Amino acid sequence: MNSEQAPARINLFVGKGGVGKSTLATATAVRDARSGLRVLIVSTDQAHS
């Protein structure tokens, strides 16, 4: 690992439906991307709501 490279980080947003998981995940990804980090959002929600 390059000493200048940030360590990999995995954020999990879990909870009941309608509590804002997608909104929080998106806001966090945008903040990190604006800070220069590479981001990837993956949804495993089988309901696809």
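Considering only residues that are part of a loop (DSSP other than H, G, I, E, B) and among the basic types (Lys, Arg), which ones fall in region 14-49?
Once the filter is applied, which keeps residues that are part of a loop (DSSP other than H, G, I, E, B) and among the basic types (Lys, Arg), region 14-49 yields Lys16, Arg38.
I'd like to verify a number: residues in region 2-42 that are of a type outside the set (Val, Ile, Thr) and surrounded by 10 or more Cβ atoms within 10 Å (Cβ to Cβ), how many?
Count: 14.
If the Cβ limit is 7 Å and pairs must be 6+ apart or interchain, which residue in region 1-23 that is closer than 18 Å to Val39 by Cβ pairs with which residue that is modelled with pLDDT of 90 or more and aromatic (Phe, Trp, Tyr)?
Every condition considered, the pairs that remain are Lys21/Phe13.
The values are calculated or read from the model by the stated rules, or taken from the named source; none is laboratory data. Nothing here was measured: the structure is a model prediction, and the numbers come from that model. Note that each Cβ is placed from the backbone with ideal geometry, even for glycine, and that neighbours are counted across all protein chains shown.
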